[in-house]
Amino acid sequence: MITAPKGTIDITPKDVYKWQYVENLLRKITAGFNFKEIRTPVFEHTELFQRGVGDTTDVVSKEMYTFIDKADRSITLRPEGTAGVVRSFLQNGMFADAQPTKLYYIIPCYRYEKPQAGRLREFRQFGVEMFGSYEPSADADVISLVKLILNKLGVKDITLNINNIGCPKCRSEYNKKLIECLEAKKDKLCPTCQERLYKNPMRIFDCKSEICQELIKDAPKMFDSVCDDCKDHFDKVLKYLDAMEIAYNIDKGIVRGLDYYTKTVFEFVSNSIGAQGTVCGGGRYDNLVEELGGKPCAGIGFAMGIERLLLVMENTGIEIPEEETCDIFVAALGENADFKAAKIVADLRTAGIKAEKDHLARSLKAQMKFADKIKAKYTVVLGDNEIENNKVTVKNMKTGEQQETSIENIANMLEI
Ligand code: ATP
Ligand code: MG
């Protein structure tokens, strides 16, 4: 038997209602913030991610699904959503619209990682991007969206960690300091970080190796070396968060896994799902649009892992209501009645009622058992007598109450 590739999951009806519940809520709340949905391709030119996400990141250097297509092009399955959305923003001239441009997406992403709880090779992200605003209120707007979503889902036990990682101007000064501090310990760093030390030293903060984490623990932090402009921006972001009564924790160690961030970076971390606790990560990326070929244009966004979000909800006992799928089951006794049942079901469905009938030539008893199994709210039994007299009995399966009516009037008897 062929099984699904490692690191992928099937979302079967047993769980899909949870996904639909969460996705519907995400769409509704996000629309209320005036974000519009964008759908971009699952695959892009590899170069987009190399330039957009950054060569020295784990994502690009180790985790991408890249292949050569039949015309010798290097193609990559998107490992994240931002780069593709920036490309589309530019390619479709959205910068000419009234700004800010507020976009959101719910997409599958692909990363070649070691599969474990909350870490898959195909996983789903909900993300937003806001273009065109350098103002701190934009940072607070997207952060408050995450906050509202978590509140509406009933997720509590989650901390907002936030940091300021400056801009290329202040970072180049800081990088010198960091290299100086780590150079003496260079041999102890993991091979990847040894390579990063001169190319992109700040990235070492994001290394998963415990040895690297220990070595960098007491190193100077970008937060303490930012320029006045970056400091001013960040202070105002915090003021907006205070004004909106959003609690945060300043964590000078956060740099996030993608290279494009400037100034504000943040994470929402849960304590209830162990090591893979980061449910959502995001930040400002004021240079990304330009780096991908556009005119300078500010950006800020986040991405939330939906599998992780569902894990947190499950582990903290949040129950998701399962949608009822059958208003009425029309049981039939004999072949003649079954033709009529098909017509009744078709009419009920046309009227917007969730109706079902038997498709396995079951006995009447077995049909009623099945109606029970699919949690039909009402049942009707149709035999030759009922058809002849145009009189059927509609049974409420919960209360046991029975009411007689004509076939045409069935729909009016249902309280749904
Ligand atoms: P991590 O440090 O956990 O590897 P990351 O920094 O790679 O996360 P981002 O690239 O910022 O994560 O992605 C945003 C969110 O997407 C993460 O916070 C997480 O919820 C989710 N995510 C990332 N990688 C995976 C994965 N392999 N499987 C499931 N969810 C993931
Ligand atoms: Mg990662």
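A single entry from Y248, Y198 fulfils the requirement of being surrounded by fewer than 20 Cβ atoms within 10 Å (Cβ to Cβ) and under 27 Å from the mean Cα position of the chain (by Cα): Y248. Restricting the first member to segment 114-141 and to residues that are in the same structural domain as P296 (by TED's automatic domain parsing) and on the phi > 0 side of the Ramachandran plot, and the second to residues that are within 16 Å of ligand 1 (Cβ to nearest atom) and not in a helix (DSSP H, G or I), the beta-carbon pairs closer than 7 Å and six or more apart or on different chains are G118/I273; G118/Q276. Of all residues in segment 205-260, those being assigned to a helix (DSSP H, G or I) and aromatic (F, W, Y) number 4. Checking each residue in segment 121-146 for being away from ligand 1 (no atom under 16 Å from the Cβ) and not in a helix (DSSP H, G or I) picks out M130, F131, G132, S133, Y134, E135.
May I ask you to verify whether F223 is within 32 Å of the chain's Cα centre (by Cα), modelled with pLDDT of 95 or more and within 21 Å of V59 (Cα to Cα)? So F223 fails the test.
Applying the condition of being within 12 Å of ligand 1 (Cβ to nearest atom) and among the basic types (K, R) to segment 39-89 and asking which residue is surrounded by the fewest Cβ atoms within 10 Å (Cβ to Cβ) yields K62.
In segment 92-113, the residues that are within 17 Å of E37 (Cα to Cα) form Cβ pairs under 7 Å with partners that are among the polar types (S, T, N, Q) and not in a strand (DSSP E or B), at six or more places apart or across chains, as follows: Q99/S133; P100/S133; K102/N34; Y104/T30. For segment 170-195, the tally of residues that are under 30 Å from the mean Cα position of the chain (by Cα) and of a type in the set (S, T, N, Q) stands at 1. One residue stands out in segment 152-169 among those that are under 21 Å from K239 (Cα atoms) and more than 16 Å from ligand 1 (Cβ to nearest atom): the one that is surrounded by the most Cβ atoms within 10 Å (Cβ to Cβ), namely N164. Of everything in segment 256-274 that is aliphatic (A, V, I, L, M) and away from ligand 2 (no atom under 13 Å from the Cβ), the residue that is farthest from the chain's Cα centre (by Cα) is V265. Scanning segment 377-389 turns up no residue that is in contact with a strand residue (DSSP E or B) (Cβ under 6 Å, 6 or more places away or on another chain) and either in contact (Cβ under 8 Å) with a residue 60 or more places away in the chain or assigned to a loop (DSSP other than H, G, I, E, B) (or both).
Considering the conditions (1) in the same structural domain as T56 (by TED's automatic domain parsing); (2) buried (at least 19 other Cβ atoms within 10 Å of the Cβ), K221 is excluded by exactly one of them, (1).
The values are calculated or read from the model by the stated rules, or taken from the named source; none is laboratory data. Bear in mind the structure is a predicted one, so any value in this text is a computation, not a measurement. Every residue, glycine among them, receives a Cβ derived from its backbone with ideal geometry; neighbour counts consider all protein chains shown.
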